[in-house]
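Novice: Have a look at the structure that comes next, please.
Here, each number is a calculation from the coordinates, and none is a lab measurement. The shown structure was predicted, so the numbers you read here are calculated from the model rather than taken from an experiment. All Cβ positions, even for glycine, are placed from backbone atoms using ideal geometry, and neighbour counts span all protein chains on display.
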Amino acid sequence: MPQAVPTGSRATQLFEQYQSDLHQRTDRLFAGLLVFQWVAGILFALWISPLAWSGTASRTHVHVWAAIILGGIINLFPAALGILRPGRPSTRFTIGVAQMLAGALLIHLTGGRIETHFHVFGSLAFLAFYRDWRVLIPATVVVALDHMLRGLFWPQSVYGVFVASQWRWLEHAAWVFFEDVFLLMACVRGLAEMRQTAERTAALEQEVRTRQQAENDERALASLTSAVGLALTRGTELRTMLQQCTEALVKHLDSGLARIWTLNDAERMLELQASAGTHTQLDGPQAKVPIGVLSVGMIALERTPQLSPAEQIDPHLDDALWARREGMVAFAGYPLLVDSKLVGVMTIFSRREFSSSMQDTMAAVADGVAVGIERKRAEAELKRRAKDLEEAHEIQRTNAQQLSGLVDQLRVTQRHAEAATRAKSDFLASMSHELRTPLNAIILYSELLQEEAADHGQQGSITDLQKIQSAGKHLLELINDILDLSKIEAGKMSLSIETFDVRTMIDELLDTAAPLVQKNNNRLNVHCEDTLGTMDSDLTKTRQILLNLLSNAGKFTRDGAVTLDVRQGTMAGRPCVEFAVTDTGVGMTQAQTEKIFEPFTQADVTTTRKYGGTGLGLALVSRFCQLIGGSVTVQSAPGEGARFVVRLPLSGHESAADAGAPARVA
Amino acid sequence: MDARGPATILVVEDNEASRDALSRRLARRGYRVELAVDGHEAVSKGRSASPDLILMDLGLPGIDGWEATRQLKGDVSTAHIPIIVLSAHAMTSDRDMALAAGGDDFDTKPVRFQQLLEKIEALLNSQVSSFNSQ
């Protein structure tokens, strides 16, 4: 930072210092020279004219006395000044005059020897050591006057001759003046050089100082950066972190007051979080500053850094003279931005101007602090969310426990239900047994009575008795079906696997089934592949399945056709026999087909009344198919008949065991 | 059959109505019918009345049908008499147990009379053919 005024004054100061040093040094030089001149004058006097003769009587020559006394006065007084009061203008002026007087005395003592005049020139040259041409003026005047007066009145004393031109002094004075001109030039030039040296030295000093300052600044800024970096990375809470940052700003920037506000987004309010320096309390008038209010609020509003003299910033803490009293000269305020999102403001008052590197560093600090604030907030948010999550987890755990309790309850309920199902099946099994015994009697008696009525030709009774028999047989069917179903559900239905010829089985089946199909004036068509061969399965149940389907088809078809197709097929990649029973009867809706294999769900409740049947036939078909390891499917539409397809494995051992297992568990 | 005169069938049945109806229907078909109401009587009648065939109900008071069948089949004087076991249970296990006890055939109640007659005739005829061969 080269600054003209301080450098100039320092140069002048240095220049004056050099001058003063030169004057004093020269004063002391002359002090020695003057004493030497005195002693030399006395010796000269003693050597040239020690005695004054008056005949044989002699006495000390007057020149000796002159050298001692007059020389003493001329030399010793300025010598004393040179030692006791060196550097003063009066001292060197006195010395200048004294040196010339000493020269005059020397010339006189040597009887006006022209060579001694060189003393005058030498002295003048010596006087030029002062680099003060003013000293030459009285010296020159003294030489001129001395020559003029002595040249007029005592030429021998000055020129060594008794008669001399009255203008000879002018010639001497002119030579002196001639020398003065060069000496004056030398003085002026010497002074100029001295001044230049002073200026160079001053500039050098300034540069050294500047460099040192810059180095100190660099060190301070590096310390600041590392201190702030440390504060930002420590795992402390937000306020502690920001307080450490402001303290670092005060310490390393040598600033007077550093503060950080954070933005409360909801309230559009800046909240003072940290303060270090002249004020450390966080409450007070600037604890909360709305955006747009005061310098802080304006920085937040405009989102640009502000650099200005400290006194232009709003009266601080209700004290208009605060900045001046505290010696604050500069103010810097930075918006704290993260990806152009404002999170706060940082302000610094300083007793020094901010250098550009300080500004750079402060801006970097502001960036770091902004990121730090954002990170702390994110951490807080994360913690809050983690807590929420933990709570949610806790709730979930509670729910899971409740759920597990419910599942346990359900298991108990299921066990109870299973026990109830078993009890029901057992009940039905024993009930059916109990029902069979009286039914046995009813059927036997009605048949017996029919035979007897036929014997006696009582035709009317026969019809009634047939109705009793028919009702009894229907009841028997019901009981048988219920018994089968309950046996399956109780897991007591076992399979009897045997090898039988499919074609033979069909032929035998048709003996029983044909009358059931044909009773509604239906046509029965049977198509069997020639290559069916034998199958290993439960013959009784296979027959029961087909009988139920054919009987069912005949029941729901009138004046139509029922077709049985038997062919080889595959089921889940294994060979099977496919039995398809197709009728041209009333058909079923989609909803009805979906429920048709459930017990007691004929297409609708009126069906049983209209078509008869137990409502259990298809349920048994489905259960038997499962038991044997096969399947049954149905396709139908209202008025378009129905097609039931049963697939039974060619070899039923394994699948029968598989299919039987769940039934037994149930 | 004609050569031997009417065959005698012992009906072992504890239920009176069933016993009465079945015996009367068998009688109408020309069989001589003997009756027993429990297991003990079945065994004694089997020995004393020397029936040509026995219709044995399983659920009987005293000794049950299985035990009676076993005793009859274990006695040399009655072992040759064919026994048709009748059960209202109709469980496969019942059928197996009945046959294991020595029954010659099995049928369920309520009786499908025509079917039962076929089984009776089949057994009687096999008796006749074995008798004739002797």
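Novice: Taking the inverse of the average 1/r across all pairs of different Cα atoms in segment A:152-218, what Kirkwood radius in Å do you get?
Specialist: Roughly 16.5 Å, rounded to one decimal.
Novice: Across chain A, where is the longest run that never hits chymotrypsin sites (Phe, Trp or Tyr not before Pro) in a DSSP loop with at most 14 other C-beta atoms within 10 Å?
Specialist: No qualifying site falls inside A:168-599, the longest such stretch.
Novice: Segment A:219-263: which trypsin sites (Lys or Arg not before Pro) are DSSP loop and have at most 14 other beta-carbon atoms within 10 angstrom?
Specialist: Within segment A:219-263, the qualifying trypsin sites (Lys or Arg not before Pro) (loop, at most 14 other Cβ atoms within 10 Å) are A:Arg234.
Novice: Something else about it: What's the exposure ranking of B:Lys45, A:Lys341, going from fewest to most Cβ atoms within 10 Å?
Specialist: Going from least to most buried by this count: A:Lys341, B:Lys45.
Novice: With all distinct Cα pairs included, what does the Kirkwood hydrodynamic radius of chain A come out to in Å, to one decimal, could you say?
Specialist: Taking the inverse mean of 1/r over all distinct Cα pairs, chain A comes out at 40.2 Å.
Novice: Along each of the three principal axes of the Cα atoms of segment A:177-279, give the extent in whole Å, ordering the values from largest to smallest.
Specialist: The Cα atoms of segment A:177-279 stretch 92, 27, 21 Å along the principal axes, largest first.
Novice: Do me a favour and compute the ellipsoid semi-axes for segment A:21-175 from its Cα gyration tensor, root of five times each eigenvalue, largest one first, whole Å.
Specialist: Semi-axis lengths for segment A:21-175 are 28, 20, 10 Å.
Novice: Subtract the Cα-Cα distance of A:Ser226 and A:Asn525 from 0.36 nm times their separation in residues, and report this length gain in nm to one decimal.
Specialist: 97.6 nm is the gain from fully extending A:Ser226 to A:Asn525.
Novice: How big is the gap, in Å, between the Cα center of segment B:56-91 and the Cα center of segment A:360-374?
Specialist: Here the two parts' Cα centres lie 107 Å apart.
Novice: For A:Glu418 and A:Asp507, compute 0.36 nm times the residue count separating them, minus their Cα-Cα distance, and round to one decimal in nm.
Specialist: Answer, rounded to one decimal: 27.9 nm.
Novice: Moving on to the next point. Based on other C-beta atoms within 10 Å, arrange A:Arg209, A:Arg415, A:Arg543 from fewest to most.
Specialist: Ranked by crowding around the Cβ, least crowded first: A:Arg415, A:Arg209, A:Arg543.
Novice: Which stretch or stretches of segment A:76-105 have amide N atoms under 15 Å from the point lying 7 Å from A:Trp154's Cα along the Cα→Cβ direction?
Specialist: From segment A:76-105, the list is A:101-105.
Novice: Summarise the long-distance tail of P(r) for segment B:1-116 by giving the % of C-alpha pairs beyond 23 Å.
Specialist: Counting pairs separated by more than 23 Å, the tail of P(r) holds 20 percent.
Novice: Along the three principal axes, how long is segment A:154-193 when you take its alpha carbons, biggest first, rounded to the nearest angstrom?
Specialist: Result, largest extent first: 47, 15, 9 Å.
Novice: To the nearest 0.05, what FRET efficiency results for B:Leu99 and A:Leu403 with a Förster distance of 45 Å applied to their C-beta separation?
Specialist: Computed FRET efficiency for B:Leu99 and A:Leu403 comes out at 0.25.
Novice: Before rounding to the nearest 500, sum -39500 (n - 2.57) across all DSSP H runs of length at least 4 in chain A and divide by the residue total; then give [θ] at 222 nm in deg cm²/dmol.
Specialist: Rounded to the nearest 500, it is -22000 deg cm²/dmol.
Novice: Quick one, can you get me the convex hull of the C-alpha atoms of segment A:326-381 expressed as volume per residue in Å³?
Specialist: Dividing the Cα hull volume of segment A:326-381 by its residue count gives 76 Å³.
Novice: For A:Lys492, which lysines qualify as cross-link partners when the Cα separation must be under 27 Å and same-chain residues fewer than eight apart are set aside?
Specialist: A:Lys424, A:Lys473, A:Lys541, A:Lys595, B:Lys109
Novice: While we're on this one: Given the Cα-Cα distance of A:Gln635 and A:Arg85 and 0.36 nm per residue of separation, how much length would full extension add, in nm?
Specialist: Gain on extension, A:Gln635 to A:Arg85, equals 184.0 nm.
Novice: Another one. What would the Debye formula give as log10 I(q)/I(0) at q = 0.21 Å⁻¹ for the alpha-carbon point model of segment A:392-540, no solvent?
Specialist: Cα-only, vacuum Debye calculation for segment A:392-540: -1.21.
Novice: Now for a different question. Taking R0 as 45 Å, what FRET efficiency do you get between A:Trp167 and A:Arg195 from their Cβ-Cβ distance, rounded to the nearest 0.05?
Specialist: Given R0 = 45 Å and the Cβ-Cβ separation, E is 0.65.
Novice: Ok, one more. Mind jotting down a quarter of the surface of the convex hull over the alpha carbons of segment A:235-354, in square nanometres, one decimal?
Specialist: 7.2 nm²
Novice: When the Karplus curve 6.51 cos²θ - 1.76 cosθ + 1.60 is applied with θ = phi - 60°, which whole-Hz ³J(HN,Hα) does each residue of segment A:452-464 get, with x for Gly and Pro?
Specialist: 5, 5, 5, 4, 9, x, 8, 5, x, 5, 4, 4, 4
Novice: Give a residue-ordered list of calculated ³J(HN,Hα) values for segment A:358-366 (Karplus: 6.51 cos²θ - 1.76 cosθ + 1.60, θ = phi - 60°; whole Hz; x for Gly, Pro).
Specialist: Those phi angles translate into 5, 4, 4, 5, 4, 4, 5, 4, 4 Hz.
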